[in-house]
Amino acid sequence: MGATPQDRQAQPVRSTEPFRLVFVCTANRCRSPMAEHLARRSLEKRHIPAEVCSVGRLTGGLGATPGAAEAMARRKLDLSNHVSAQLGPEVLDDAHLVLVMERGHLSDVYQTLPDAIDHAFTLGEFPSLLRTIKRDPSLMSTASPFEGARQRIALANQARDPVRILVDDESSDVADPMGRWALHYRRTAKQLASLIDASLNGLFP
């Protein structure tokens, strides 16, 4: 695997740039597009300039599944124009934070752009990692919310076991509703909304 994530430093989040957030799932038709739209709205409410996108490890070109569209419509979000896109190095290159739906997707990120792994996490684990970070006065007093977010992402990376980052472990996976009933999509949407709010609350307190 070469250098561990702790051997590399996350790229700085410049205050003149938007915060770039990428979500990754398998097909980019259910979980990651739902997460993208939920996060974009949440960041807008926080008045955080951001660019949010989503990709999948499979070939793109398809729309969101009807179940995902319905689950988001219930939350007043529109997936009708979504077209799935495939994970590539150009998507990860400028990202400040990459949140994936399953532990296995971290391997996809690493194989696509190894340097991105130090700021890539499962969405399920990221809020708990942020909670392990002790309150540091320097984080609270930083002039830029982006600098504070950058530092928290770096500290979250340091808080995890580098040996286990790519180890298959489903405990922090977000359930995949693909091919299941509408109820499963709604449950996944609820889980995503909760994890995203917890993540953003931790990044931008």
| Cα pair distances of the chain binned at 10 Å [whole percent] | 9, 37, 38, 15, 2
| FRET E, pair R74, R46, Förster distance 22 Å, beta-carbon r, rounded to 0.05 | 0.45
| note | Measuring from the longest principal axis of the C-alpha atoms of the chain, the long axis of helix 145-159 (C-alpha) lies at a number of degrees, nearest 10, equal to 90
| task | Using a 10 angstrom cutoff on alpha carbons, build the Gaussian network for the chain and name the most mobile of L43, L79, L183. | result | L183
| request: Could you tell me how many degrees, from 0 to 90 and to the nearest 10, lie between the Cα long axis of helix 31-45 and the main elongation axis, the longest principal axis, of the Cα atoms of the chain? | output: 60
| query | Dipole of the chain (Lys/Arg Cβ +1, Asp/Glu Cβ -1, origin at the Cα centre): which of P127, H96, G61 lies farthest to the positive side? | reply | P127
| said: How tilted is helix 182-203 with respect to the longest principal axis of the chain? Cα atoms for both, answer in degrees (0 to 90, nearest 10). | reply: 20
| note | Helix-only [θ] at 222 nm, the chain, -39500 (n - 2.57) per DSSP H run of 4+, per residue, nearest 500, equals -13000 deg cm²/dmol
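Laboratory data are not the source of any read-out in this text; all were calculated from the coordinates shown. Not measured: the values here are computed from a predicted model. So basically every Cβ, Gly included, is an ideal-geometry build from the backbone, and we count neighbours across all protein chains shown.
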